[in-house]
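I have placed the structure first, in the form of structure tokens, so that the comments after it can refer back to it.
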Amino acid sequence: MDQLFDAGDPLPGRAAGPAADAPLAARMRPASLADVVGQEHLLHEGAPLRVAIEQGRPHSMLLFGPPGSGKTTLARLVAASANAAFEELSAVQAGRAEVRAVIDRARHRRDTTGTPTVFFLDEIHRFNKAQQDALLPAVEEGLVTLIGATTENPSFEVNAALLSRTRLYELQPLGAAEVEGLLRRALVGLGAQADDAALAFLADRSDGDARTALSALELAAATADGRVGLAAAEDALQRRAIRYDKGGDQHYDTISAWIKATRASDPDASLYYLAVMLEAGEDARFIARRMVILASEDIGNADPQALLVAVAAAQAVEHVGLPEAMHALAQCAIYLALAPKSNAAYAAIAAARAHVREHGAALPPSYLRSANRREPGYDYPHDNAGHVTPQDVLPEALAGERFYRPDDAEAALRERLAAIRAARGRPG
């Protein structure tokens, strides 16, 4: 029967390091918890995952997180800590036959040497229900410790039976500072040097993916003449550095340009400035907030649906996150740019507030001050034809004051307002 380790191989879980010609990301893979970067929320002192690794007591789990966040690294550490054989398959290429072969080897290994097996199944969400069900007996029996890795939410992609037998850990993208620390550590192994700007660029533009950043650094070092500069880093990552200071002028200038381009009803310019912000690593929540503001400030009741679209985009950012949420932001940017524009609501509240600031707050009429709708003197609109009342509801000193002035983009509201005023006996 095929064995995972030949006679001359190291002990299971203690495999020799990667070959000298292996990719940099493989050579940089942490060999202990002390070398792991990021995922503090899962690996702090006393955390269940950390305890499992430290004590060499693995349990079946699902690792959910973006590419390059350390899923494979954690799986290997789990196996190494338990002196377990490490079997690895990708659900993209493997099927039930390959899974059965892994299980057969695990059973043979257990029966002959007592060695446990950690089975790492990458992209587990690509397995259909029948394929996932085939794993259940081996997991229930304890024949393998299953570690499934996925970039998709397991709650939707992994069947309930398998979910109930595993523990879910959600990994976060690495921060730019964490990725830059890895790059600086990797430079020592490469025997290379790099400009600070090049390292900062690779760290910031790799979207929290350590593998992408390390691969780009390795390529840049191989093509650079002694020192990796920004140009070499750009070529290696196939992306251009963008002058954009998140706390400085570029941050405010670009969002200002997006607002004004969208207000000008130019979807191409709106999308361009949106792309600049996304490529520069702008906080998607900041962009979404500006979209919600613009929907009311510059569109308002000319198209009330705009606010719903903007709020939905903001919710998508919170629930999905980047990079996928960029599609919701793009959809919203196009809608806002093409929507009819009106600042009547913005101007109306500004005028009302200006009046209050200048004159103070006048008391409402006495018949409006009670929560009881039958207060003497109060004319209940629903008792009248058309559900309107001729009664004054502004303070006496403000009789006839107008704050809301619908424009041509709110023609339907303007006509309705005129009809209501006529029914109430008010001038148009």
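The values are calculated or read from the model by the stated rules, or taken from the named source; none is laboratory data. None of the values given here were measured: they were computed from a predicted structure. All Cβ positions, glycine included, derive from the backbone under ideal geometry; neighbour counts span all protein chains shown.
Of everything in the range 32-65 that's surrounded by 13 or more Cβ atoms within 10 Å (Cβ to Cβ) and at pLDDT below 90, which residue is nearest to the chain's Cα centre (by Cα)?
My answer is Gly65.
If the requirement is being among the aliphatic types (A, V, I, L, M), surrounded by 13 or more Cβ atoms within 10 Å (Cβ to Cβ), under 30 Å from Arg426 (Cα atoms) and not assigned by TED's automatic domain parsing to the domain that holds Ala280, which of these qualifies: Ala397, Ala351, Ala361, Ala385?
Details: Ala397 fails: surrounded by 13 or more Cβ atoms within 10 Å (Cβ to Cβ); Ala361 fails: surrounded by 13 or more Cβ atoms within 10 Å (Cβ to Cβ); Ala385 fails: surrounded by 13 or more Cβ atoms within 10 Å (Cβ to Cβ).
The unique qualifying residue is Ala351.
Among Val276, Val309, which is the only one that is part of a helix (DSSP H, G or I), of a type outside the set (Asp, Glu), under 21 Å from the mean Cα position of the chain (by Cα) and modelled with pLDDT of 90 or more? Talk me through it step by step, then tell me what you get.
Working: Val276 fails: modelled with pLDDT of 90 or more.
Among Val276, Val309, only Val309 is part of a helix (DSSP H, G or I), of a type outside the set (Asp, Glu), under 21 Å from the mean Cα position of the chain (by Cα) and modelled with pLDDT of 90 or more.
Please pick out the residue among Val179, Val228 that is in contact with a strand residue (DSSP E or B) (Cβ under 7 Å, 6 or more places away or on another chain), modelled with pLDDT of 85 or more, of a type in the set (Val, Ile, Thr) and more than 26 Å from Met291 (Cα to Cα).
Details: Val179 fails: in contact with a strand residue (DSSP E or B) (Cβ under 7 Å, 6 or more places away or on another chain).
So the residue among Val179, Val228 that is in contact with a strand residue (DSSP E or B) (Cβ under 7 Å, 6 or more places away or on another chain), modelled with pLDDT of 85 or more, of a type in the set (Val, Ile, Thr) and more than 26 Å from Met291 (Cα to Cα) is Val228.
Go through Asp266, Asp253, Asp195 for me and flag whichever is modelled with pLDDT of 85 or more, closer than 30 Å to Ala330 by Cβ, outside the structural domain of Thr73 (by TED's automatic domain parsing) and not aliphatic (A, V, I, L, M).
Values: Asp253 fails: modelled with pLDDT of 85 or more; Asp195 fails: closer than 30 Å to Ala330 by Cβ.
Selected residue: Asp266, the only one of Asp266, Asp253, Asp195 that is modelled with pLDDT of 85 or more, closer than 30 Å to Ala330 by Cβ, outside the structural domain of Thr73 (by TED's automatic domain parsing) and not aliphatic (A, V, I, L, M).
Going by the structure shown, is Ala241 among the aliphatic types (A, V, I, L, M), assigned to a helix (DSSP H, G or I) and modelled with pLDDT under 90?
Numbers: among the aliphatic types (A, V, I, L, M): yes; assigned to a helix (DSSP H, G or I): no; modelled with pLDDT under 90: yes.
In short, no.
Out of Ala192, Ala176, Ala198, Ala186, which single residue is in contact with a Gly (Cβ under 7 Å, 6 or more places away or on another chain), of a type outside the set (Ser, Thr, Tyr), buried (at least 17 other Cβ atoms within 10 Å of the Cβ) and over 19 Å from Val78 (Cβ atoms)? Can you show your working first?
Numbers: Ala192 fails: in contact with a Gly (Cβ under 7 Å, 6 or more places away or on another chain); Ala176 fails: in contact with a Gly (Cβ under 7 Å, 6 or more places away or on another chain); Ala186 fails: in contact with a Gly (Cβ under 7 Å, 6 or more places away or on another chain).
Result: Ala198 is the single residue among Ala192, Ala176, Ala198, Ala186 that is in contact with a Gly (Cβ under 7 Å, 6 or more places away or on another chain), of a type outside the set (Ser, Thr, Tyr), buried (at least 17 other Cβ atoms within 10 Å of the Cβ) and over 19 Å from Val78 (Cβ atoms).
Where residues in the range 48-91 are of a type in the set (D, E, K, R) and in a helix (DSSP H, G or I), which of them is nearest to Ala213 (Cα to Cα)? Steps first, answer last, please.
Our first condition is that a residue be of a type in the set (D, E, K, R); within the range 48-91, this holds for 50, 54, 57, 71, 76, 87-88.
Going one step further and asking which of them are in a helix (DSSP H, G or I), we end up with 50, 54, 71, 76.
Numbers: Arg50: 26, Glu54: 29, Lys71: 16, Arg76: 21 Å.
Per the stated criteria, the residue is Lys71.
With the structure loaded, tell me whether Arg126 is under 28 Å from Leu24 (Cα atoms) and either out of contact with any Pro (no Cβ under 7 Å at 6 or more places or on another chain) or at pLDDT below 85 (or both) or whether it fails that test.
yes
Among (1) over 50 Å from the mean Cα position of the chain (by Cα); (2) modelled with pLDDT under 75; (3) surrounded by 11 or more Cβ atoms within 10 Å (Cβ to Cβ), which single condition is Ile420 missing?
(1)
What residue, of Glu415, Glu375, is at pLDDT 75 or above and among the acidic types (Asp, Glu)? Walk me through it before giving the result.
Values: Glu375 fails: at pLDDT 75 or above.
Step by step, each of Glu415, Glu375 is checked, and only Glu415 is at pLDDT 75 or above and among the acidic types (Asp, Glu).
Any chance the range 163-178 includes a residue that's closer than 22 Å to Pro48 by Cα and in a helix (DSSP H, G or I)? I'd like the intermediate steps shown before the answer.
First, the residues of the range 163-178 that are closer than 22 Å to Pro48 by Cα: 163-174.
Narrowing further to those that are in a helix (DSSP H, G or I): 163.
Checked the range 163-178: at least one residue is closer than 22 Å to Pro48 by Cα and in a helix (DSSP H, G or I).
If you check every pair at least six apart or on different chains, which have Cβ atoms under 8 Å apart with a residue in the range 125-144 that is in the same structural domain as His108 (by TED's automatic domain parsing) first and a residue that is among the basic types (Lys, Arg) and part of a helix (DSSP H, G or I) second?
Pairs that qualify, where the first residue is in the same structural domain as His108 (by TED's automatic domain parsing) and the partner is among the basic types (Lys, Arg) and part of a helix (DSSP H, G or I), are Ala130/Arg96; Gln131/Arg96; Ala134/Arg96; Ala134/Arg100; Leu143/Arg107; Leu143/Arg110.
So which residues in the range 111-162 are outside any helix (DSSP H, G or I), over 28 Å from the mean Cα position of the chain (by Cα) and surrounded by fewer than 14 Cβ atoms within 10 Å (Cβ to Cβ), if there are any at all? So that I can check it myself, show each step before the final result.
Step one: filter the range 111-162 for residues outside any helix (DSSP H, G or I), giving 114-123, 127-128, 134-135, 142-153, 158-159.
Now restrict to residues that are over 28 Å from the mean Cα position of the chain (by Cα): 114-119, 134-135, 142-145.
Selection gives Gly114, Gly142.
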